[in-house]
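In what follows, a single structure is set out as structure tokens and then discussed.
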Amino acid sequence: MTNQDNNQSKYTAQEITVLEGLEPVRKRPGMYIGGTGKEGLHHLVWEVVDNSIDEAIAGFCKHIKVELLPNNYIAVEDDGRGIPIDVHAQTGLTALETVLTKLHAGGKFDSKTYKVSGGLHGVGLSVVNALSKELIAQVYHNGNIYEQKYSRGKPTTKLQEIGKTDKHGTKIIFTPDEQIFPETIFDRNSILQRLRNQAYLTKGISIKLSDQNKEKPFEYNFYFEGGIATYVKHLNKNKHVINENSVYISKQIDDIDVEIALAYTDEFNEKILCFANNIINPEGGTHLTGFKIALTRAINDYIKKKNLFKSESINFAGDDVREGLTAVVSVKLKDPQFEGQTKSKLGNPEVRSIAEAITFEGLSIYFEENPGEAKKIIEKCLLTAKARLAAKAARETVIRKGLLEGMTLPGKLADCSQKDPLKSELYIVEGDSAGGSAKQARDRTFQAILPLRGKILNVERARLDKMLTSEEIKNLIIALGAGIGEELNIQKVRYHKIIIMTDADVDGSHIRTLLLTFFYRHFQPLIEKGYIYIAQPPLYAITYSKTKIYAYSDEEKEKIISEIKPGVKSNIQRYKGLGEMNPGQLWETTMDPAKRVLLRVNASDTEGADNVFSMLMGDEVGPRKQFIQTNATTVKNLDV
């Protein structure tokens, strides 16, 4: 008998592992929170906050407080009804211990308790408990404070009364388990953004965030009476709005509430945020599909009804009516069907037709009551449609030209011999001088070099047709190999590391910002996949006693100098440009995978990133001037 046969013969009932209680969560946390990285860590917070939001949506909660506490604890408190503490007949445990220790246990399955809720599976609080080193649950009931403590999903104390109070509600305090999460420090800005969204989506609720970890305590309060209409104004704060009277639609059909707010700007990008039961759906879903169909149909219907283009037949496509659009689409329903526990996409088929009907009716009424605003929107759409056709012709020209010039690769590109994108790198280098050094320094097996001449076009202020008239932009698009616009296919990108390498001066920073704007606006999936990086060339070379050390910051330089023995003569060279380095130095400091430092670009806060790019690169001077004046005193290495 072979070893394989012998091993197979031992496969009996004893080899079947049964995970009880919350063990499955600790064994496979990714199944419940999407992963154990930064997003998974913060998903714990969202699960607890969402429970409080559900109480608010149900009409029982008016205040929510989130506290970042010392030793990496976080507390979420609400003034809702409070988790019940009486004994649950089925489990024999208190209701509190049941929802904290049993998967698929909670009040979300009974529509009498919660008409709508973000918690679908009843696993939220129990998952948080399972993945916490310590969790303390406090419930305010009938003038008393009840408390029970847990560790890694198991109770360490019984439920006990610890004091008196005139409050009602629930407070959950927990710290993540370092056995599960490699990084257990919460990001205040991420939490702040999430809480802001929830305050916009729930009219009249007060949400407070406090951070007790700093010498100077931080507090922030959110309260928005205008709801998502105020949210759209916030999203457009650094942009020029075309229809000053924003569209607001709110209606219920078949127990499904649909709430929509939208406004148009003179930008070239769309931003639509979707929510189901106050849970953000980054991948959209049926509510987004219904909204998009209705938006296109309502605008085309109004044009035909009013006979606005008598001399020509105009029928706008979806992209035409969404350029420059900022919208928030929020639905609330009894039984949301999400794809995955992280609720990234709504799947309820009935929501599509209801969202479409409500959007179409609301927009039709808005256009009739605001003919001046309707005209501005349609003029914007017409300009977009003409630009789209021009961009299509220009794009086809670029593709045809690229094919004639040898597999679409521009002449300036020094490509690598490696054809596997996973193992290939593209360095985008500022100027021919630095490009020449980089070409000599690189490992041509897997490193490609594309030098750019000067500053590329600011794509924040240009449509695609104008972009494609720029030689540098065309070279970059062709080198990437993934197309652009309607033909964009990220699967075809030729490099999985795209590294921006510019000088450490004002011009270099500007070029880097222009490139980041280009990637964010037209190749955002590359950022989401983690393909975009920023090289970190050294600022100084410090030589002493036949030793050369590179410093990448002023602080590092000062530290190195302080460690040099007294009396030893040293020489400090400040690199103002990559061209000042010879190929050997450039390879050693900036391009050698074994020694280099790369910063990966990410945009976890897409709303914040959108505002920053609009403010820095857009036409509105006021916000940019204020930003410069506010941050001028903190700038370092400004072209010294």
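The values are calculated or read from the model by the stated rules, or taken from the named source; none is laboratory data. In this text the structure is predicted, and so the values were computed from the model without any measurement. Note that each Cβ is placed from the backbone with ideal geometry, even for glycine, and that neighbours are counted across all protein chains shown.
Summary table below
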item	result
Subset tally (residues that are without any contact (Cβ under 8 Å) to a residue 60 or more places away in the chain and under 17 Å from residue 319 (Cβ atoms)) for region 454-466	1
Qualifying positions in region 235-247 - at pLDDT below 95 and either among the β-branched types (Val, Ile, Thr) or part of a strand (DSSP E or B) (or both)	241, 242
Residue 67, sole failed condition from (1) at pLDDT below 90; (2) of a type in the set (Asp, Glu); (3) surrounded by 14 or more Cβ atoms within 10 Å (Cβ to Cβ)	(1)
Residues being surrounded by 17 or more Cβ atoms within 10 Å (Cβ to Cβ), touching a Leu at 6+ places or on another chain (Cβ under 7 Å) and either hydroxyl-bearing (Ser, Thr, Tyr) or without any contact (Cβ under 8 Å) to a residue 12 or more places away in the chain (or both) - total across region 216-245	0
Hits in region 302-325 - residues which are surrounded by 15 or more Cβ atoms within 10 Å (Cβ to Cβ) and either part of a helix (DSSP H, G or I) or acidic (Asp, Glu) (or both)	302, 303, 319, 320, 321, 322, 323
Residue 96 in contact with a Pro (Cβ under 8 Å, 6 or more places away or on another chain) and at pLDDT 90 or above	yes
So residue 285, is it farther than 16 Å from residue 231 by Cβ and within 21 Å of the chain's Cα centre (by Cα)	yes
Residue within region 197-217 that is under 23 Å from residue 367 (Cα atoms) and among the β-branched types (Val, Ile, Thr) present	no
Counted residues, region 127-173 - those being of a type in the set (Val, Ile, Thr), crowded, with 23+ Cβ neighbours inside 10 Å and closer than 23 Å to residue 24 by Cα	3
Residue in region 27-35 that is touching a helix residue (DSSP H, G or I) at 6+ places or on another chain (Cβ under 8 Å) and free of Cβ contacts under 8 Å to residues at least 60 places away in the same chain present	yes
Lone unmet requirement of (1) over 15 Å from residue 201 (Cβ atoms); (2) at pLDDT below 95 for residue 294	(2)
Condition met for residue 209 (farther than 17 Å from residue 84 by Cβ and either at pLDDT below 90 or surrounded by fewer than 20 Cβ atoms within 10 Å (Cβ to Cβ) (or both))	no
Subset of region 514-531 [assigned to a helix (DSSP H, G or I) and crowded, with 18+ Cβ neighbours inside 10 Å]	514, 515, 516, 517, 518, 519, 520, 521, 522, 526, 527
Among the residues listed as 378, 354, the single one being within 30 Å of residue 291 (Cβ to Cβ), aliphatic (A, V, I, L, M) and modelled with pLDDT of 95 or more	354
Residues of region 148-178 that turn out to be among the small types (Gly, Ala, Ser) and assigned to a loop (DSSP other than H, G, I, E, B), as a count	1
Residues satisfying the stated conditions in region 268-291, i.e. outside any strand (DSSP E or B), modelled with pLDDT of 90 or more and crowded, with 20+ Cβ neighbours inside 10 Å	281, 286, 287, 288, 290, 291
Answer from 448, 434 - the residue that is crowded, with 20+ Cβ neighbours inside 10 Å and in a helix (DSSP H, G or I)	434
Residues satisfying the stated conditions in region 240-270, i.e. in contact with an Asp or Glu (Cβ under 7 Å, 6 or more places away or on another chain) and among the small types (Gly, Ala, Ser)	250
Residue satisfying condition, being within 30 Å of residue 257 (Cα to Cα) and modelled with pLDDT of 95 or more, within set 171, 133	171
Matching residues, region 453-473, being over 29 Å from the mean Cα position of the chain (by Cα) and either part of a helix (DSSP H, G or I) or aliphatic (A, V, I, L, M) (or both)	471
Criterion violated by residue 215 - all others in (1) more than 17 Å from residue 192 (Cβ to Cβ); (2) touching a helix residue (DSSP H, G or I) at 6+ places or on another chain (Cβ under 9 Å); (3) assigned to a loop (DSSP other than H, G, I, E, B) satisfied	(2)
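Table: residues versus (1) at pLDDT 90 or above; (2) in a helix (DSSP H, G or I).
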position: 588; (1), (2): yes, yes
position: 594; (1), (2): yes, no
position: 603; (1), (2): no, no
position: 608; (1), (2): no, yes
position: 614; (1), (2): no, yes
position: 619; (1), (2): no, no
position: 624; (1), (2): no, yes
position: 628; (1), (2): no, yes
position: 640; (1), (2): no, no
